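Down below is the structure, laid out as C-alpha cells.
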C-alpha cells in the first residue's frame, strides 16, 4: 500500500469539513448521499487535479463520472481516509 502523507493541520481541516457534511439536517433534507464535485474534492483534500486522477486510476478512491464531470461520494472519501489511516505509536510514559 502506498502511503499518503497529510499534515496534522490538513487532517483537522478535512475532519472539520467532513463534519459539516455529516450534519443531520443535510441527511434529513437530502434523500441521497452527498457528493462532492472534482473542484470541491481538490479543495477539501488540498491536492492537485493530477493527484486526484492518479488516485482514481490506481483505484484508491471511488468516484462517479458523467462525461467530463467527476463526483465523489462522502462515503468514498471516508473510506479513502480510513484505508490510509495509521494508528499512533503507543508510548509508555
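Coordinate-derived values only; no laboratory data. Everything numeric in this text was worked out from a predicted model, so none of it was measured.
Quick look at the numbers
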| quantity | calculated |
| --- | --- |
| Length gained when the stretch residue 54-residue 71 is fully extended (0.36 nm per residue, less Cα-Cα span) | 4.6 nm |
| Extension gain (nm, one decimal) between residue 8 and residue 64, 0.36 nm per residue minus Cα-Cα | 17.3 nm |
